[in-house]
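J.: Just passing along the structure, written as structure tokens.
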Amino acid sequence: MAGEESKKLKLYSYWRSSCSCRVRIGLNLKGLEYEYVPVNLLKGEQQTPEFLKLNPVGLVPVLVDGDVVLADSFAILMYLEEKFPQHPLLPKDLHRRGINYQAANIVCSSIQPYQNISILKFMKEKLGPDADFAWARDQIRRGFAALEKLLKDYSGKYATGDEVFLADLFLAPQIDGAIRRFKVDMDEFPLLARIFEAYLELPAFRDAMPERQPDAPAEHRD
């Protein structure tokens, strides 16, 4: 049944979008097939009338499941979690579930928004050609420092133990972007560096990474 239902899924995504990557990991973990629909953010395709009908905010990802259309990675992942129970993304323990929510929210509210294309463009225009990445790196480092403190008493092989859960889906793309795009020195964050290496051992994570997406430019492909 899950296999038949999963064929309905369509994901509007951009190869470098960490928000889209979270959802790609979730889909992979749950073994769900989906159609990948690229949206080129650099060309402004997220602002076309057709796309704005799907998400009036003009951001990726967007998931289409039959008549259901959902934007926002957190909302999409919670929808997938409720509809497709295989490979749960949340632990049964209420405390650890709360830590997963907290870690995910640090990424999606206190780190990732500062890396949006519009924000980086604004910073470059106002403060100079190198200000955008320098400012983004500072925000990443602040967020990573908080995550190191939060997770030190809960981490195992992964963020909150020896199983992959929601926090890991948010952390993996953010750490990947920090290393590849923003050149953050991960020696400052040994816990995050360690669990990131563990993510790369998992096909569900590796296959969701930006360089493996069909719309990734040739020079960025793995």
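The values are calculated or read from the model by the stated rules, or taken from the named source; none is laboratory data. All figures in this text were calculated on a predicted structure; none of them were measured in a lab. Please note: Cβ atoms are built from the backbone with ideal geometry, for glycine as well, and neighbour counts cover all protein chains shown. Note: areas computed on protein heavy atoms with side chains; ligands, DNA, RNA excluded. Shrake-Rupley method; radii C 1.70, N 1.55, O 1.52, S 1.80 Å.
Residues are listed down the side, and each one gets a yes or a no for (1) under 14 Å from the mean Cα position of the chain (by Cα); (2) modelled with pLDDT of 95 or more; (3) at negative phi; (4) open to solvent by 30 Å² or more (accessible area, probe 1.4 Å):
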| residue | (1), (2), (3), (4) |
| --- | --- |
| THR48 | no, yes, yes, yes |
| PHE51 | no, yes, yes, no |
| LEU70 | no, yes, yes, yes |
| ALA75 | yes, yes, yes, yes |
| ARG97 | no, yes, yes, yes |
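J.: Ok, one more. Considering only residues that are open to solvent by 30 Å² or more (accessible area, probe 1.4 Å) and in a helix (DSSP H, G or I), which ones fall in the range 194-222?
T.: Residues of the range 194-222 open to solvent by 30 Å² or more (accessible area, probe 1.4 Å): 194, 197, 200-203, 206-207, 212, 214-215, 217-222.
Passing the criteria: ARG194, GLU197, PRO203, ARG206, ARG212, ALA218, GLU219, HIS220.
J.: Identify, from the list PRO88, PRO129, the residue that is part of a loop (DSSP other than H, G, I, E, B), open to solvent by 20 Å² or more (accessible area, probe 1.4 Å) and modelled with pLDDT of 95 or more.
T.: Values: PRO129 fails: modelled with pLDDT of 95 or more.
After applying the criteria, what remains is PRO88.
J.: How many of the residues in the range 10-46 are open to solvent by 50 Å² or more (accessible area, probe 1.4 Å), in contact (Cβ under 8 Å) with a residue 60 or more places away in the chain and in contact with a strand residue (DSSP E or B) (Cβ under 7 Å, 6 or more places away or on another chain)?
T.: 1
J.: Collect the residues in the range 106-126 that are over 21 Å from GLN46 (Cα atoms), in contact (Cβ under 8 Å) with a residue 24 or more places away in the chain and assigned to a helix (DSSP H, G or I), keeping them in residue-number order.
T.: Within the range 106-126, ILE106, VAL107, SER110 qualify.
J.: Among the residues that make up the range 184-192, is at least one of them among the aromatic types (Phe, Trp, Tyr) and surrounded by fewer than 22 Cβ atoms within 10 Å (Cβ to Cβ)?
T.: Taking every residue of the range 184-192 in turn, at least one turns out to be among the aromatic types (Phe, Trp, Tyr) and surrounded by fewer than 22 Cβ atoms within 10 Å (Cβ to Cβ).
J.: Which members of the range 56-68 meet the condition of being open to solvent by 30 Å² or more (accessible area, probe 1.4 Å) and among the acidic types (Asp, Glu)?
T.: Applying the first criterion (open to solvent by 30 Å² or more (accessible area, probe 1.4 Å)) to the range 56-68 yields 56-57, 59, 66-68.
The one that is open to solvent by 30 Å² or more (accessible area, probe 1.4 Å) and among the acidic types (Asp, Glu): ASP67.
J.: Could you count how many residues in the range 52-74 are over 24 Å from VAL107 (Cα atoms) and not in a strand (DSSP E or B)?
T.: Selection size over the range 52-74: 5.
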